[in-house]
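Before any comments, here is the structure.
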Amino acid sequence: MHLKFHERALYSRQILSMSDAIKHECGIALLRLKKPMQDYVDKYGSALYGINKLHLLMEKQHNRGQDGAGVANIKFDMEPGERYISRTRSNAKSPIQDIFDQINNRFRQIAQEDPLLLKDVNYLKKNAGFTGELFLGHLRYGTFGKNSIESCHPFLRQNNWITRNLVVAGNFNLTNVDELFDVLVKIGQHPKELSDTVTVLEKIGHFLDVENDDLFKHYDSLGYDNKNIYEKISQELDLRKILKKASEDWDGGYAMAGLLGHGDAFVLRDPSGIRPAFWYEDDEICVVASERPAIQTAFNLKVEDIKELQPGHALIIPKEGKVSEALINAPREIKKCSFERIYFSRGSDADIYKERKSLGRLIVPQVLKAINYDFDNSVFSFIPNTAEVSFYGLLKGLEEHLNNQKISEIIALGNTDDHEKIAAIIQQRARTEKIAIKDAKLRTFITQDDSRDDLVAHVYDITYGSVRPHTDNLIVIDDSIVRGTTLKQSILRILDRLNPKKILVVSSAPQIRFPDCYGIDMAKMGDFIAFDAAISLLKSTNRAGVIEDVYQKCKEQEHLPKDRVRNVVKEIYAPFTDEELSKQIAIMLTPIGIHAEVEIIFQTVSNLHIACPNNLGDWYFTGDYPTPGGNKVVNKAFINWKENRNERAY
């Protein structure tokens, strides 16, 4: 079933952290054991060291995908006829648990037969899957309603030649799949479906085949026999050349991981650095993950031990030889995804924690202006759960403001021994309460259309007695506001039961105005309350002609090469200030019958850049896409909206 954006938010199995849920991203975990397997038995007491560490890496990134998961493993130096590639995938309700239950079932059987065999490396490699030296795990969020097992990574391209076997998994989305598909057809391939995953697999696979063919011809001409030729190929495959040829025309964001049948591996990152990838190496392991804290936790490392894979580079992990970062595609202007910092990645990352606090602190001047600096009659809180970190930053900013105010007031008193006045100044505090409480269990029962709205209205509980009725302002901070459905149907209604004078909703992110096409499930213009607000204002101010003008400009560019397309959808927002749009958003999201005044304020883009200086990707806020394909996608999304076509634009 292909659910609409807000319906997916309600059905999600995740304990959601922001009022508007976004399916997004994916997660990867690659692990290479660099020593003989027996070394891990001797040091750690288990031949299952690798699979156990992969399990931990995936669990620590489970926030990146709960629609499906998959694991692949390569065993080194197996004899012909012996299985050397293992793969399992799951789209079960708890896919990580399901996968490792499947894997561990075999080990339980072996333990029942003879527990000592679980430490017999040779026996395990010949008789049990997932006991090799090279692992790849993937966590999936489906961004287009496809949750079948066939949609789960890793993908496998099989061949009887060991060096032609290819396993890929990635956190990615390409905007030009149609173009790449046509290229594959022109070179004689017959891809089984039109998707970026299959296209990527076949593009890399094609140039892997070419490299194999070239090396075979070279050594065959020198008189080598077939067995020695295959050995030479496994030693001399040039992954850098393969990846460069395969990816030179990709347009999108990606962190793409791959394994070759004989034991080489790679992780390739897009030239703008849109999708994240981190790695670590020592004499025992080489590990790559989408999030840095996962590596830190799994291997007890310090933050400075871990490296970030550079944009446009690939981490090349050969079966034999030195691990290295190689330049594959010249880096573009670096535009790392800022949504990673606002919401997607775990807040346990040292830098992300600081950045989310900064987002809360930097919005304080806007908050104080909105409540007319009335600390005495204002209560501050947050929407559970990840907004809690930005809330701490908000409190820090409020504290700084109050401290400066206290200093000024005490100085103004002059030489006085009026302890009562001094105490009154010193005791000024921002009033904080835990107002909203997420009822995670209730959310799992939202299933039928006729009862959904009533249940949505009760997804959050409130703390009664925490607000003085008709006197206090109630300020709540959230990560971001996309569609605003949960705000309107649930949060604002529930907060109004406390009878505050005013409800101020604070978004730590700017207004989301444009679709994403690099892995976040925000693909349609109608998904955004900011867009709806702009359209409403255009109509109410007799400027509806702008809508038709933008539509015509989009149609004129529809068939231009992507590098000649410009984002004309920006013109929809151009007539209005941020404040005008925010005011209209508040009007549109205020439920009928609510008693409190409702105001909504958003982070500024300039403050976002101050808070997250290394993640300047802001296309969903500004429309400034890092690749040419982004402009083509946003114009197509507007055409789809104007023509009432409920489909994504890529």
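The values are calculated or read from the model by the stated rules, or taken from the named source; none is laboratory data. Since the model is a prediction, treat every value here as computed from it, not as a measurement. Note: ideal-geometry Cβ built from the backbone for every residue, glycine included; neighbour counts use all protein chains shown. Only protein heavy atoms, including side chains, enter the accessible area calculation; ligands, DNA and RNA are left aside. Shrake-Rupley method; radii C 1.70, N 1.55, O 1.52, S 1.80 Å.
Within the range 120-146, restricting attention to residues that are among the charged types (D, E, K, R) and modelled with pLDDT under 95, which residue is farthest from residue 75 (Cα to Cα)? Reasoning before the result, please.
Looking only at the range 120-146, we keep the residues that are among the charged types (D, E, K, R), and these are 120, 125-126, 133, 140, 146.
Retained after the next criterion (residues that are modelled with pLDDT under 95): 140, 146.
Details: 140: 25, 146: 31 Å.
Filtering the range 120-146 for residues that are among the charged types (D, E, K, R) and modelled with pLDDT under 95, the one farthest from residue 75 (Cα to Cα) comes out as 146.
Residue-by-condition table, conditions (1) at pLDDT below 90; (2) open to solvent by 10 Å² or more (accessible area, probe 1.4 Å); (3) within 24 Å of residue 288 (Cα to Cα); (4) among the polar types (S, T, N, Q):
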site	(1), (2), (3), (4)
157	no, yes, yes, no
162	no, yes, yes, no
175	yes, yes, no, yes
179	yes, yes, no, no
198	yes, no, yes, no
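For the range 270-292, taking the residues that are of a type in the set (A, V, I, L, M) and surrounded by 23 or more Cβ atoms within 10 Å (Cβ to Cβ), the one that is nearest to residue 336 (Cα to Cα) is identified as 274.
Restricting the search to helices (runs of 4 or more DSSP H) fully inside the range 311-426 and requiring at least 3 residues that are among the charged types (D, E, K, R) gives 350-362, 387-413. Residues in the range 519-550 that are charged (D, E, K, R) and within 30 Å of residue 141 (Cα to Cα) were compared, and the one that is modelled with the highest pLDDT is 532.
List every residue pair whose Cβ atoms sit under 9 Å apart, with the two residues 6 or more apart in sequence or on different chains, where the first one lies in the range 547-559 and is touching a residue at least 12 places away in the same chain (Cβ under 8 Å) and among the charged types (D, E, K, R) and the second, anywhere, is open to solvent by 70 Å² or more (accessible area, probe 1.4 Å) and outside any helix (DSSP H, G or I). Within 9 Å, the pairs are 553/566.
For the range 515-567, which residues satisfy the criterion of being more than 29 Å from residue 254 (Cα to Cα), of a type outside the set (Val, Ile, Thr) and under 30 Å from the mean Cα position of the chain (by Cα)? Across the range 515-567, the qualifying residues are 532, 533, 534.
Provide a single number: the residues in the range 524-543 that are open to solvent by 50 Å² or more (accessible area, probe 1.4 Å), over 24 Å from residue 604 (Cβ atoms) and not in a helix (DSSP H, G or I). Working first, answer last.
Here is the first cut: in the range 524-543, the ones open to solvent by 50 Å² or more (accessible area, probe 1.4 Å) are 539-543.
Subset that is over 24 Å from residue 604 (Cβ atoms): 539-540, 542-543.
Of the ones still in play, those that are also not in a helix (DSSP H, G or I) are 542-543.
So the answer is 2.
Among the residues examined, residue 332 does not qualify as crowded, with 23+ Cβ neighbours inside 10 Å and out of contact with any Cys (no Cβ under 8 Å at 6 or more places or on another chain). Has the range 136-145 got any residue that is among the aromatic types (Phe, Trp, Tyr), assigned to a loop (DSSP other than H, G, I, E, B) and open to solvent by less than 30 Å² (accessible area, probe 1.4 Å)? Taking every residue of the range 136-145 in turn, at least one turns out to be among the aromatic types (Phe, Trp, Tyr), assigned to a loop (DSSP other than H, G, I, E, B) and open to solvent by less than 30 Å² (accessible area, probe 1.4 Å). The single residue among 372, 415, 403, 385 that is farther than 26 Å from residue 499 by Cα and either touching a strand residue (DSSP E or B) at 6+ places or on another chain (Cβ under 8 Å) or open to solvent by 80 Å² or more (accessible area, probe 1.4 Å) (or both) turns out to be 415. Could you list, ordered by first residue, the pairs with Cβ atoms under 7 Å in which the first is in the range 627-650 and farther than 12 Å from residue 554 by Cα and the second is among the acidic types (Asp, Glu) and surrounded by fewer than 17 Cβ atoms within 10 Å (Cβ to Cβ), at least 6 apart or interchain? So the pair list comes out as 628/563. Of all residues in the range 565-583, those satisfying the criterion of being outside any helix (DSSP H, G or I) and not polar (S, T, N, Q) are 565, 566, 568, 569, 574, 575, 576. Do the conditions hold for residue 473, that is, is it out of contact with any helix residue (DSSP H, G or I) (no Cβ under 7 Å at 6 or more places or on another chain), modelled with pLDDT of 90 or more, surrounded by fewer than 18 Cβ atoms within 10 Å (Cβ to Cβ) and within 29 Å of residue 584 (Cα to Cα)? No, not satisfied.
In the range 492-517, the residues that are within 22 Å of residue 275 (Cβ to Cβ) reach residues that are polar (S, T, N, Q) and part of a strand (DSSP E or B) with C-beta atoms within less than 9 angstrom, at least six apart or across chains, in these pairs: 516/173; 517/173.
Only one residue in 346, 332, 356 is of a type in the set (Lys, Arg), out of contact with any helix residue (DSSP H, G or I) (no Cβ under 8 Å at 6 or more places or on another chain) and either touching a residue at least 60 places away in the same chain (Cβ under 8 Å) or within 30 Å of residue 492 (Cβ to Cβ) (or both), so which one is that? It would help to see each step written out before you state the result.
Numbers: 346 fails: out of contact with any helix residue (DSSP H, G or I) (no Cβ under 8 Å at 6 or more places or on another chain); 356 fails: out of contact with any helix residue (DSSP H, G or I) (no Cβ under 8 Å at 6 or more places or on another chain).
Residue meeting the stated conditions: 332.
When the range 551-560 is filtered for residues that are in a loop (DSSP other than H, G, I, E, B) and open to solvent by less than 70 Å² (accessible area, probe 1.4 Å), the ones remaining, listed by number, are 558, 560.
Does residue 203 meet the test of being farther than 12 Å from residue 168 by Cα and free of Cβ contacts under 8 Å to residues at least 60 places away in the same chain?
Values: farther than 12 Å from residue 168 by Cα: no; free of Cβ contacts under 8 Å to residues at least 60 places away in the same chain: yes.
Considered against the rule, which asks whether it is farther than 12 Å from residue 168 by Cα and free of Cβ contacts under 8 Å to residues at least 60 places away in the same chain, residue 203 comes out as no.
Scanning the range 73-102 for residues being in a strand (DSSP E or B) and free of Cβ contacts under 8 Å to residues at least 60 places away in the same chain gives a total of 2.
Scanning the range 601-630 for residues that are open to solvent by 10 Å² or more (accessible area, probe 1.4 Å) and part of a strand (DSSP E or B) yields 601, 602.
Evaluated against (1) over 26 Å from the mean Cα position of the chain (by Cα); (2) at pLDDT 85 or above, residue 485 falls short on exactly one condition, (1). Within the option set 330, 277, 314, 298, being of a type in the set (Gly, Ala, Ser) and within 20 Å of residue 40 (Cβ to Cβ) holds for one residue only, 298.
In the range 217-269, the qualifying residues are those that are without any contact (Cβ under 8 Å) to a residue 24 or more places away in the chain and in a loop (DSSP other than H, G, I, E, B), and the one that is least open to solvent (accessible area, probe 1.4 Å) is 223.
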